[in-house]
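Here is the structure we will look at, set down as structure tokens.
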Amino acid sequence: MAERSTDDVLLNVTPAGAAIVTLNRPDKHNAFNADIIARLSDIFETLRANEQVRIVFLRGAGKSFSAGADLEWMKAAADWTHEDNVQDAMGLAHMLKRLHELPQTTVALVQGAAMGGGAGLMAACDIAVAVKDAKIRFSEVRLGLTPATISPFVVRAIGPRWARALFATGEGFDGAYAEKIGLAQYTVESADELDDMMEHLAQLAFHTAPGAVRAAKALVDDVFGKEIDEHLLHRCAKNIADRRASEEGREGLAAFLEKRKPYWAE
């Protein structure tokens, strides 16, 4: 296993092609600041270009996934200019976008607290697995703020009605509730079971064609919210035609007919 330490953020990549990004401030419940956001952004950009990585896991060390923004960071921001605050918020926005646009399958593994921006990290991933008693909250309105930077990802994940309710009330909820509203796809009883879900999801990823995964993720963005008209039908038909003609498409069909594993699953 290769390991790279960036102090408060750790990156491990297994020989099989699973990347584990760990927020490593357990004494601060993995709250983040501008430096950690920049490190995460750099890591996601590195992973985007790594064709050997098939799945990316995001998790927090210790008792919590992420308590959101660091208190000292928020305190300092109170004295910044408006433009300074805009630029600072753009750093978080770009980091979340890089996570959301990774070509690999991305998974948030959530235990303990996932507050504010921590819940935004959940929403920016393809999949979230939460411990049933996790404590999740879009807490910004309790501080006189709004969850603006994370909102594009959260609204996509849970829809506008749930987002309005939870953004406006700042009500806390647990992992089981997160599964109910679509913020989490899976729940487990304890943090120990997160490792079992890692293994399960990694095995699923290792049986998928990397190019097809990238194209399938893009397909969701292409069709979401669009009118089902001739233009959209043609785009979808072209999409599957392109995949059938691709190297992966030809290999996948040949492997199926020949009753063998395709090269990406060997």
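Where a number appears in this text, it was derived from the coordinates with a stated rule and is not lab data. Everything numeric in this text was worked out from a predicted model, so none of it was measured. As a convention, Cβ positions derive from the backbone with ideal geometry for all residues, glycine included, and neighbour counts pool all protein chains shown.
What the table below lists for this structure:
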item: Diffusion coefficient, µm² s⁻¹, Stokes-Einstein with Kirkwood Rh over alpha-carbon pairs of the stretch 120-266 at 10 °C and 1.306 mPa s; result: 88
item: Least to most buried among 51, 266 (fewest other Cβ within 10 Å first); result: 266, 51
item: Net charge of Cβ neighbours under 11 Å - reference residue 76; Lys, Arg +1; Asp, Glu -1; result: -4
item: Unit charges on C-beta of K, R, D, E only; dipole of the stretch 117-266, Debye; result: 500
item: GNM top mover of 76, 130, 61 - the chain, alpha-carbon springs below 10 Å; result: 76
item: Farthest toward positive dipole pole in the chain [+1 Lys/Arg, -1 Asp/Glu at C-beta], among 118, 231, 187; result: 231
item: Trypsin sites (Lys or Arg not before Pro) within the stretch 86-178: DSSP coil, no more than 14 neighbouring Cβ in 10 Å; result: none
item: Footprinting exposure proxy for 138, 224, 167 (fewest neighbouring C-beta atoms within 10 Å first); result: 224, 167, 138
item: Residue order, fewest to most beta carbons within 10 Å, for 7, 42, 88; result: 7, 42, 88
item: Distance in nm between pseudo-label sites at residue 12 and residue 258 (7 Å out along the Cβ direction from Cα); result: 3.6
item: Built amide H within the under 5 Å cut-off of residue 108, gap 5+; result: 58, 127, 128, 129
item: Cα centre as origin, Lys/Arg/Asp/Glu Cβ charges: the stretch 1-93 dipole, Debye; result: 540
item: Residue among 96, 121, 11 with the largest mean-square fluctuation in a Gaussian network model of the chain, springs linking Cα atoms under 10 Å; result: 11
item: GluC sites (Glu not before Pro) restricted to DSSP loop in the stretch 64-131 with at most 16 other C-beta within 10 Å; result: 101
item: Stretchable slack from residue 101 to residue 238, in nm (0.36 nm times residue separation minus alpha-carbon distance); result: 47.1 nm
item: Segment residue 196-residue 81, extension gain: residue separation times 0.36 nm, minus the distance between their alpha carbons; result: 36.8 nm
